[in-house]
Amino acid sequence: MKNLILLVAIIILSSNCKPKESNKISDESNVKEYPVSDVLLDPFDPTIALESLGLEELDLGKNLPDLALITPEGTELERSVYRTEQSSFDVIYYRENGPHLIRFYPDIDRMFMMTFLEPEAVPDSMIKPGNVWADLKKTYPGVEVEKAYDGRLVVRVPQLTFVLDAKNIDPKEIPPGTRIQEITAQGQ
């Protein structure tokens with residue numbers, strides 16, 4: 001009887017465990033298409049994006065400041081742990097009235113990488129998450145798509161990685177309306 005109760009409890013608990021939506025990438029090869037921008041977007045610049053949010057002190061390579069002293073009013077900087085299949089990282093999330101907008105990866109005393117997760121974290125004139133593959137090709141002519149180790153499609157330009165919202169498809173067959181899921185900026 002105890003084994004039956006334990007089995008039922010495990011089934012109930014495991015059925016309630018769902019992956020976080022923000023880290024989930026579709027396993028299907030079908031790609032949802034989004035509209036292409038009507039204008040040519042500026043290249044992505046993390047420094048300008050951070051300045052527009054009042055977070056220039058968290059730019060790549062800068063000494064890590066006291067977060068309580070630099071948090072803009074109405075926003076939140078929270079320390080957390082970001083887990084992937086291979087490892088985990090100490091991170092700092094930036095949030096403004098809702099979802100996490102940026103994930104910062106600090107080293108011991110400096111910022112070495114950051115991932116822009118939502119379009120609200122980037123000025124309207126710049127390429128950003130939520131824009132599409134066709135926009136990326138116009139902003140960065142000649143870029144190529146490659147498959148990451150986990151099947152995701154990525155575009156790399158110096159110090160930037162754009163992750164497309166597509167998985168397990170041929171990089172030569174990406175629909176123009178495939179969404180940019182996130183942009184990661186790395187220090188040199």
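Here are a few things to note about the model shown:
- Positions within segment 131-153 being under 23 Å from residue 87 (Cβ atoms) and crowded, with 16+ Cβ neighbours inside 10 Å, in sequence order: 152, 153
- The residue of segment 116-130 that is surrounded by the most Cβ atoms within 10 Å (Cβ to Cβ), among those that are in a loop (DSSP other than H, G, I, E, B) and within 11 Å of the chain's Cα centre (by Cα), is 128.
- Residues that are of a type in the set (D, E, K, R) and surrounded by 17 or more Cβ atoms within 10 Å (Cβ to Cβ) within segment 154-168 comprise 165, 167, listed in sequence order.
- Failed item in (1) modelled with pLDDT of 90 or more; (2) in contact with a strand residue (DSSP E or B) (Cβ under 8 Å, 6 or more places away or on another chain), with residue 56 passing the rest: (2)
- Looking across 141, 72, 123, 106, one residue alone is within 19 Å of residue 164 (Cα to Cα) and of a type outside the set (Ser, Thr, Tyr). It is 141.
- Residues of segment 83-124 that are of a type in the set (Val, Ile, Thr) and closer than 26 Å to residue 135 by Cβ: 102, 115, 122.
- Among the residues of this structure, residue 113 counts as one that is in the same structural domain as residue 62 (by TED's automatic domain parsing) and either surrounded by 17 or more Cβ atoms within 10 Å (Cβ to Cβ) or modelled with pLDDT under 95 (or both).
- Check on residue 171, outside the structural domain of residue 59 (by TED's automatic domain parsing), without any contact (Cβ under 8 Å) to a residue 24 or more places away in the chain and not aromatic (Phe, Trp, Tyr): no
- Members of segment 67-106 found to be without any contact (Cβ under 8 Å) to a residue 24 or more places away in the chain, assigned to a loop (DSSP other than H, G, I, E, B) and either on the phi > 0 side of the Ramachandran plot or surrounded by 14 or more Cβ atoms within 10 Å (Cβ to Cβ) (or both), listed by number: 71, 74, 75, 97, 98
The values are calculated or read from the model by the stated rules, or taken from the named source; none is laboratory data. Everything quoted here is computed from the prediction, not taken from an experiment. Heads up, the Cβs are rebuilt from the backbone with ideal geometry, glycines too, and the neighbour counts pull from every protein chain shown.
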